[in-house]
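Engineer: Okay, handing you the structure first.
The values are calculated or read from the model by the stated rules, or taken from the named source; none is laboratory data. All values derive from a computational prediction rather than experimental measurement. Here the Cβ positions follow ideal geometry from the backbone for every residue, glycine too, while neighbour counts run over all protein chains shown.
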Amino acid sequence: MTSVFKNILVPFNGTKGSQKAFNKAVPLATSVNASIFILTCIEKRQIFSFFKFKASNEEFEKERKIIEKQHIEMKTFAQEKGVVCSSNIVEGDHASSEILNFADKHKIDLIIMARTKFSSHKERIHYQSTLEDVFRNTACPILILV
């Protein structure tokens, strides 16, 4: 019997929601013998965004170091559970485009994202557009945690 999901993508931005998605991905990957890819996008311009944003090269490098530390911790946790896990940090204009490009390039079979509660109307609008853009334009299934 072959596994339906061999490659699982978890877009990670350091929030409780993205951590929740990763925490769900690990036991799922264990049960179906899949690999996990962690993707963090540092956006080039400031908007209400799903991912991080940088204003200068210094800020970008500082943010990259923080993210790399988080990725190492997650990869170690996954490997302790017997899951192959890799990570990538990208710089881009739109998080949803980076997620979709990564999913296509790496033959992702499942994307796991979490919906989180936001305090402002503008944040809800932008987050929904990122989530909806990924949902509407991906060729693979997406699991949205609430």
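Engineer: Determine if the range 98-121 includes at least one residue that is assigned to a helix (DSSP H, G or I) and modelled with pLDDT under 90.
Structural biologist: Yes, the range 98-121 contains at least one residue that is assigned to a helix (DSSP H, G or I) and modelled with pLDDT under 90.
Engineer: Would you confirm whether or not the range 55-77 contains a residue that is basic (Lys, Arg), surrounded by fewer than 17 Cβ atoms within 10 Å (Cβ to Cβ) and at pLDDT 95 or above?
Structural biologist: yes
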